[in-house]
1. Among the candidates Ile129, Ile164, Ile173, single out the residue that is at pLDDT 90 or above, in a helix (DSSP H, G or I), among the β-branched types (Val, Ile, Thr) and in contact with a strand residue (DSSP E or B) (Cβ under 7 Å, 6 or more places away or on another chain).
2. Being small (Gly, Ala, Ser), surrounded by 13 or more Cβ atoms within 10 Å (Cβ to Cβ) and within 17 Å of Asp16 (Cα to Cα) is the requirement here; does Ala109 meet it?
3. Would you point out which residue out of Ala104, Ala24 is without any contact (Cβ under 8 Å) to a residue 12 or more places away in the chain, outside the structural domain of Ala243 (by TED's automatic domain parsing) and in a helix (DSSP H, G or I)?
4. Please find, among Thr190, Thr209, the residue that is among the hydroxyl-bearing types (Ser, Thr, Tyr), exposed (fewer than 13 other Cβ atoms within 10 Å of the Cβ) and over 18 Å from the mean Cα position of the chain (by Cα).
5. Does Ala124 satisfy the criteria of being in contact with a strand residue (DSSP E or B) (Cβ under 9 Å, 6 or more places away or on another chain), surrounded by fewer than 18 Cβ atoms within 10 Å (Cβ to Cβ) and not acidic (Asp, Glu)?
6. Give the residues of the range 196-226 that are of a type in the set (Gly, Ala, Ser) and in contact (Cβ under 8 Å) with a residue 40 or more places away in the chain, sorted by residue number.
7. What is the residue count in the range 23-54 for residues that are surrounded by fewer than 18 Cβ atoms within 10 Å (Cβ to Cβ) and either in contact with a Pro (Cβ under 6 Å, 6 or more places away or on another chain) or farther than 21 Å from Arg69 by Cβ (or both)?
8. Pick from the range 88-103 the residues that are modelled with pLDDT of 80 or more and within 18 Å of Asp40 (Cα to Cα): which of them is surrounded by the most Cβ atoms within 10 Å (Cβ to Cβ)?
Amino acid sequence: MTQPALHGLHVLLVEDNTVNQMVAREMLVSLGARVMVANDGEEGLHCIDAMQSAQDAFDLVLLDIEMPRMSGLEMVRAIRSRGDGARHLPLIAVSAFSAAEYRAPIIDAGADGFIPKPIGARDAFGDRILTLMEQRRMREARTALNPEVYAGLVGAIGRTSMAILLSKVRDDILGVRAKLDVPASELSQTTIRAQTHILMSVSGAVGATGIQERASLLNKAAHGEDAADCALQTAEMMVEIAALLEFVERELAMLARLQAGGSA
(Lines give C-alpha, C1' and ligand atoms only; values in the text may rest on other atoms or scores of the structure.)
Protein backbone atom coordinates (compact mmCIF):
# COMPACT_ATOMS: atom_id res chain seq x y z
CA MET A 1 0.00 0.00 0.00
CA THR A 2 1.38 3.40 -1.00
CA GLN A 3 2.19 5.69 1.90
CA PRO A 4 0.95 9.31 1.92
CA ALA A 5 3.42 11.77 0.36
CA LEU A 6 4.69 13.23 3.66
CA HIS A 7 4.47 10.07 5.75
CA GLY A 8 6.88 10.11 8.68
CA LEU A 9 7.94 13.75 8.32
CA HIS A 10 7.86 16.07 11.33
CA VAL A 11 6.71 19.51 10.21
CA LEU A 12 6.80 22.82 12.04
CA LEU A 13 3.96 25.06 10.82
CA VAL A 14 4.51 28.73 11.69
CA GLU A 15 1.30 30.69 11.10
CA ASP A 16 -0.48 33.38 13.11
CA ASN A 17 -4.00 33.00 11.64
CA THR A 18 -6.04 30.27 13.36
CA VAL A 19 -8.11 29.47 10.25
CA ASN A 20 -5.01 29.10 8.11
CA GLN A 21 -3.44 27.00 10.86
CA MET A 22 -6.38 24.62 10.81
CA VAL A 23 -6.47 24.28 7.02
CA ALA A 24 -2.72 23.73 6.63
CA ARG A 25 -2.45 21.41 9.63
CA GLU A 26 -5.32 19.17 8.51
CA MET A 27 -3.91 18.97 5.00
CA LEU A 28 -0.43 18.10 6.29
CA VAL A 29 -1.81 15.44 8.62
CA SER A 30 -3.85 13.93 5.77
CA LEU A 31 -0.58 13.71 3.82
CA GLY A 32 0.95 11.66 6.64
CA ALA A 33 2.97 14.33 8.44
CA ARG A 34 3.18 15.00 12.16
CA VAL A 35 2.67 18.69 12.79
CA MET A 36 3.61 21.17 15.50
CA VAL A 37 2.12 24.66 15.24
CA ALA A 38 3.76 27.94 16.25
CA ASN A 39 1.93 31.27 16.20
CA ASP A 40 4.82 33.46 15.02
CA GLY A 41 8.52 33.38 14.16
CA GLU A 42 9.71 33.85 17.72
CA GLU A 43 7.62 30.93 18.95
CA GLY A 44 8.82 28.92 15.96
CA LEU A 45 12.45 29.42 16.95
CA HIS A 46 11.66 28.26 20.48
CA CYS A 47 10.10 25.10 19.02
CA ILE A 48 13.22 24.43 16.95
CA ASP A 49 15.43 24.94 20.00
CA ALA A 50 13.30 22.56 22.05
CA MET A 51 13.36 19.80 19.42
CA GLN A 52 16.82 20.24 17.88
CA SER A 53 18.65 17.87 20.22
CA ALA A 54 15.85 15.30 20.24
CA GLN A 55 15.48 12.31 17.96
CA ASP A 56 12.21 13.88 16.87
CA ALA A 57 13.73 17.03 15.34
CA PHE A 58 11.88 18.77 12.53
CA ASP A 59 12.32 17.75 8.90
CA LEU A 60 10.67 20.85 7.46
CA VAL A 61 9.42 24.33 8.39
CA LEU A 62 6.42 25.90 6.63
CA LEU A 63 6.09 29.56 7.53
CA ASP A 64 3.93 32.55 6.80
CA ILE A 65 5.69 35.79 5.82
CA GLU A 66 3.63 38.43 7.64
CA MET A 67 3.42 37.62 11.37
CA PRO A 68 3.57 39.59 14.65
CA ARG A 69 6.68 39.75 16.88
CA MET A 70 8.89 38.02 14.29
CA SER A 71 8.06 37.78 10.59
CA GLY A 72 8.79 34.84 8.33
CA LEU A 73 11.61 36.80 6.72
CA GLU A 74 13.25 37.43 10.09
CA MET A 75 12.80 33.80 11.05
CA VAL A 76 14.47 32.55 7.87
CA ARG A 77 17.44 34.85 8.46
CA ALA A 78 17.71 33.69 12.08
CA ILE A 79 17.66 30.00 11.12
CA ARG A 80 20.19 30.33 8.30
CA SER A 81 22.59 32.19 10.59
CA ARG A 82 22.56 29.49 13.29
CA GLY A 83 25.67 27.53 14.11
CA ASP A 84 23.96 24.16 14.53
CA GLY A 85 22.29 21.64 12.24
CA ALA A 86 19.00 23.57 12.19
CA ARG A 87 20.50 25.96 9.65
CA HIS A 88 20.08 23.19 7.07
CA LEU A 89 16.32 22.81 7.63
CA PRO A 90 14.17 23.07 4.49
CA LEU A 91 12.23 26.35 4.84
CA ILE A 92 9.16 26.93 2.67
CA ALA A 93 7.20 30.18 2.72
CA VAL A 94 3.41 29.91 2.46
CA SER A 95 1.70 33.25 1.95
CA ALA A 96 -1.17 35.07 0.25
CA PHE A 97 1.39 37.74 -0.74
CA SER A 98 2.62 36.07 -3.91
CA ALA A 99 3.92 39.08 -5.85
CA ALA A 100 7.63 39.10 -6.68
CA GLU A 101 8.40 41.90 -4.22
CA TYR A 102 7.25 39.62 -1.38
CA ARG A 103 8.79 36.39 -2.70
CA ALA A 104 12.25 37.69 -3.61
CA PRO A 105 13.41 38.90 -0.17
CA ILE A 106 12.52 35.66 1.61
CA ILE A 107 14.13 33.51 -1.09
CA ASP A 108 17.23 35.70 -0.98
CA ALA A 109 17.30 35.27 2.81
CA GLY A 110 17.50 31.48 2.42
CA ALA A 111 13.99 30.08 2.00
CA ASP A 112 13.88 27.08 -0.33
CA GLY A 113 10.66 27.96 -2.08
CA PHE A 114 7.28 29.60 -1.99
CA ILE A 115 3.73 28.20 -1.98
CA PRO A 116 0.90 30.71 -2.51
CA LYS A 117 -2.30 30.77 -0.48
CA PRO A 118 -4.89 29.45 -0.79
CA ILE A 119 -3.01 26.15 -0.76
CA GLY A 120 -5.27 24.36 -3.22
CA ALA A 121 -5.32 20.63 -3.98
CA ARG A 122 -3.88 18.39 -1.28
CA ASP A 123 -1.81 16.14 -3.55
CA ALA A 124 -0.32 19.07 -5.45
CA PHE A 125 0.57 20.67 -2.11
CA GLY A 126 2.36 17.50 -1.00
CA ASP A 127 4.17 17.11 -4.31
CA ARG A 128 5.37 20.72 -4.20
CA ILE A 129 6.71 20.28 -0.68
CA LEU A 130 8.58 17.10 -1.63
CA THR A 131 10.04 18.75 -4.73
CA LEU A 132 11.34 21.74 -2.77
CA MET A 133 12.76 19.49 -0.03
CA GLU A 134 14.55 17.33 -2.59
CA GLN A 135 16.00 20.38 -4.29
CA ARG A 136 17.29 21.54 -0.92
CA ARG A 137 18.89 18.16 -0.19
CA MET A 138 20.58 18.08 -3.58
CA ARG A 139 22.00 21.58 -3.14
CA GLU A 140 23.37 20.53 0.24
CA ALA A 141 24.70 17.28 -1.17
CA ARG A 142 26.71 19.00 -3.91
CA THR A 143 29.17 20.27 -1.32
CA ALA A 144 29.93 16.71 -0.22
CA LEU A 145 29.04 14.31 -3.04
CA ASN A 146 27.55 13.79 -6.48
CA PRO A 147 23.78 14.15 -5.86
CA GLU A 148 22.78 12.16 -8.95
CA VAL A 149 24.89 9.17 -7.90
CA TYR A 150 23.61 9.38 -4.33
CA ALA A 151 19.96 9.67 -5.37
CA GLY A 152 20.35 6.71 -7.71
CA LEU A 153 21.82 4.64 -4.90
CA VAL A 154 18.95 5.46 -2.54
CA GLY A 155 16.46 4.54 -5.26
CA ALA A 156 18.24 1.26 -5.96
CA ILE A 157 18.70 -0.09 -2.42
CA GLY A 158 15.93 1.68 -0.47
CA ARG A 159 15.95 3.75 2.69
CA THR A 160 16.49 0.91 5.16
CA SER A 161 19.58 -0.41 3.40
CA MET A 162 20.81 3.14 2.83
CA ALA A 163 20.68 3.81 6.57
CA ILE A 164 22.77 0.69 7.22
CA LEU A 165 25.27 1.68 4.52
CA LEU A 166 25.56 5.26 5.78
CA SER A 167 26.17 4.03 9.33
CA LYS A 168 29.09 1.96 8.08
CA VAL A 169 30.36 4.85 5.97
CA ARG A 170 30.20 7.17 8.98
CA ASP A 171 32.12 4.71 11.17
CA ASP A 172 34.81 4.23 8.52
CA ILE A 173 35.23 7.95 7.92
CA LEU A 174 35.39 8.67 11.65
CA GLY A 175 38.15 6.06 11.87
CA VAL A 176 40.04 7.68 8.99
CA ARG A 177 39.69 11.13 10.53
CA ALA A 178 40.98 9.93 13.88
CA LYS A 179 44.10 8.48 12.25
CA LEU A 180 44.79 11.55 10.08
CA ASP A 181 43.88 14.29 12.54
CA VAL A 182 47.21 14.31 14.35
CA PRO A 183 50.16 16.74 14.43
CA ALA A 184 52.11 16.77 11.17
CA SER A 185 55.22 15.51 12.98
CA GLU A 186 53.31 12.33 13.95
CA LEU A 187 51.72 11.72 10.54
CA SER A 188 53.60 9.05 8.61
CA GLN A 189 53.44 8.38 4.87
CA THR A 190 52.39 4.83 5.67
CA THR A 191 49.39 6.05 7.67
CA ILE A 192 48.37 8.45 4.91
CA ARG A 193 48.55 5.70 2.28
CA ALA A 194 46.50 3.29 4.39
CA GLN A 195 43.82 5.79 5.38
CA THR A 196 43.41 7.38 1.95
CA HIS A 197 42.97 3.88 0.52
CA ILE A 198 40.02 3.36 2.89
CA LEU A 199 38.66 6.82 2.14
CA MET A 200 38.81 6.26 -1.63
CA SER A 201 36.71 3.11 -1.29
CA VAL A 202 34.18 4.47 1.22
CA SER A 203 33.62 7.84 -0.47
CA GLY A 204 33.21 6.24 -3.87
CA ALA A 205 30.49 3.97 -2.52
CA VAL A 206 28.16 6.91 -1.84
CA GLY A 207 29.14 9.14 -4.75
CA ALA A 208 31.50 11.49 -2.89
CA THR A 209 33.63 11.78 -6.02
CA GLY A 210 35.35 15.01 -5.00
CA ILE A 211 36.84 13.64 -1.82
CA GLN A 212 37.55 10.33 -3.59
CA GLU A 213 39.69 12.15 -6.17
CA ARG A 214 41.47 14.19 -3.49
CA ALA A 215 42.18 11.01 -1.49
CA SER A 216 43.55 9.36 -4.64
CA LEU A 217 45.92 12.28 -5.28
CA LEU A 218 47.06 12.27 -1.66
CA ASN A 219 47.60 8.53 -1.79
CA LYS A 220 49.90 8.98 -4.77
CA ALA A 221 51.73 11.84 -3.06
CA ALA A 222 52.27 9.68 0.00
CA HIS A 223 54.34 7.31 -2.13
CA GLY A 224 56.81 10.17 -2.71
CA GLU A 225 59.28 11.96 -0.50
CA ASP A 226 57.59 15.30 0.26
CA ALA A 227 56.18 14.74 3.75
CA ALA A 228 55.42 18.43 4.28
CA ASP A 229 53.27 18.60 1.15
CA CYS A 230 51.41 15.45 2.21
CA ALA A 231 50.69 16.96 5.61
CA LEU A 232 49.34 20.12 3.96
CA GLN A 233 47.14 18.14 1.57
CA THR A 234 45.88 16.07 4.48
CA ALA A 235 44.89 19.18 6.42
CA GLU A 236 42.99 20.50 3.38
CA MET A 237 41.21 17.18 2.94
CA MET A 238 40.00 17.23 6.55
CA VAL A 239 37.64 20.07 5.60
CA GLU A 240 36.01 17.87 2.96
CA ILE A 241 35.84 14.96 5.40
CA ALA A 242 33.97 17.20 7.86
CA ALA A 243 31.48 18.27 5.16
CA LEU A 244 30.84 14.66 4.17
CA LEU A 245 30.35 13.61 7.79
CA GLU A 246 27.89 16.45 8.36
CA PHE A 247 25.85 15.36 5.34
CA VAL A 248 25.90 11.70 6.43
CA GLU A 249 24.74 12.61 9.94
CA ARG A 250 21.83 14.66 8.59
CA GLU A 251 20.78 11.86 6.25
CA LEU A 252 20.95 9.27 9.02
CA ALA A 253 18.81 11.44 11.30
CA MET A 254 16.20 11.94 8.59
CA LEU A 255 16.12 8.25 7.65
CA ALA A 256 15.74 7.30 11.32
CA ARG A 257 12.71 9.58 11.69
CA LEU A 258 11.14 8.23 8.51
CA GLN A 259 11.66 4.65 9.66
CA ALA A 260 10.21 5.49 13.09
CA GLY A 261 7.14 6.77 11.24
CA GLY A 262 6.80 3.48 9.43
CA SER A 263 8.08 4.53 5.99
CA ALA A 264 9.90 1.88 3.96
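1. Ile129
2. no
3. Unique residue meeting the criteria: Ala104.
4. Details: Thr209 fails: exposed (fewer than 13 other Cβ atoms within 10 Å of the Cβ).
One residue alone meets the criteria, Thr190.
5. No; evaluated as a whole, the condition is false for this residue.
6. Hits for the range 196-226 are Ser203, Ala205, Gly207, Ala208, Gly210.
7. Here the count works out to 8.
8. The qualifying residue surrounded by the most Cβ atoms within 10 Å (Cβ to Cβ) is Ala93.
The values are calculated or read from the model by the stated rules, or taken from the named source; none is laboratory data. Since the structure is predicted, the reported quantities are computational estimates derived from the model, not experimental observations. With ideal geometry, Cβ positions are generated from the backbone for all residues, glycine too; neighbour counts draw on all protein chains shown.
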